[in-house]
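Please treat every number below as a calculation from the coordinates, not as lab data. All values derive from a computational prediction rather than experimental measurement. No Cβ is skipped: glycine too gets one built from the backbone with ideal geometry, and neighbour counts run over all protein chains shown.
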Amino acid sequence: MRSMTGCGRGEGGDGAVRVRVGLTSVNRKQLDLRLVLPPELAALEPGLRLRAQAALGRGAVTATVACELPPELNPAPVTLDETVVRGLVHQWRALAMELGLTPTLTLGDLAAVPGVVREMPAADVPETVKAAALTAFDAAVADLHRMQAAEGLRLQADLERAAACLTRGVKLIREREDDALQYCRDHLRERIRVLGLDLNPDDDRLAKEIAFWAERSDIHEEVVRLESHLGQLKDLCAKKGGEPVGRALDFLCQEMGREINTLCAKAAETLVVHQALELRGELERLREQVQNVE
């Protein structure tokens, strides 16, 4: 189990080629990847994005890449159009001579003319630089995973504590299933007595009504499903190998929430209602923690 929160750093290259990658990750329901690359490595973005998607589960991840390259591997991001420059200078001098002016023209004046300075298209990244970038990126991902795994151990301990608490609560409710049904029967008979209705305790109509309300108040199915969900929760918490389990845990929390809400609506016996409300509170704490799991 890994946390979504963490950071990692990696370096690649040797000699004159040096690439550094920094990764930061925070909570997000899906993978939201932001790559910050220098212009000379812009062509690597699609490959790095695919690499990140394969290595990361979910979270808002920012990858910042910086590089140090020798001049021969670091083309200028812009170029001067010499043909345009020469044409402008020629026309400027000709006009100055015609008007009897002194031709004062600076490079700054020329650079301000549209079309003189042009952005260069992204060039192919040399293989040595590409290899250094991939090495740095993989090292940063590994470093990020180490930090997330360390935080994941703390999350796992808290999730297991919550699962144990929920299991104890469900067990207490199961032990009171029969008492809850008997309470429903006794409560209905008492209401009939208080209302002063002329019904014989052995009346078929009363028996049918008691059976109807007993069925509506039966919480056995909800208890069984909660026990099943808790078993799956424990299995997910025990998974090894760093496989992402956050989405599965989030789904289980939603399912357990539905069962607990139904249980609260159906239960009438005081202790069962109280315990169901305790389950709801503990589940909310569990759900909040699950939002941190990758």
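List of remarks:
- Couplings 3J(HN,Hα) of region 255-266, computed from phi: 5, 5, x, 5, 5, 5, 5, 5, 4, 4, 6, 8 Hz, in residue order, whole Hz [Karplus 6.51 cos²θ - 1.76 cosθ + 1.60, θ = phi - 60°; x for Gly and Pro].
- Residue order, fewest to most beta carbons within 10 Å, for 237, 67: 237, 67
- Other-chain or far-sequence residues with amide H under 5 Å of residue 2's (modelled H): 245, 294
- For 251, 137, order by how many other beta-carbon atoms lie within 10 Å, fewest first: 251, 137
- Eligible lysines near residue 29 by straight Cα distance, threshold 21 Å, same-chain separation 8 or greater: 239
- Burial ordering of 25, 228, 3, fewest other beta-carbon atoms within 10 Å first: 228, 3, 25
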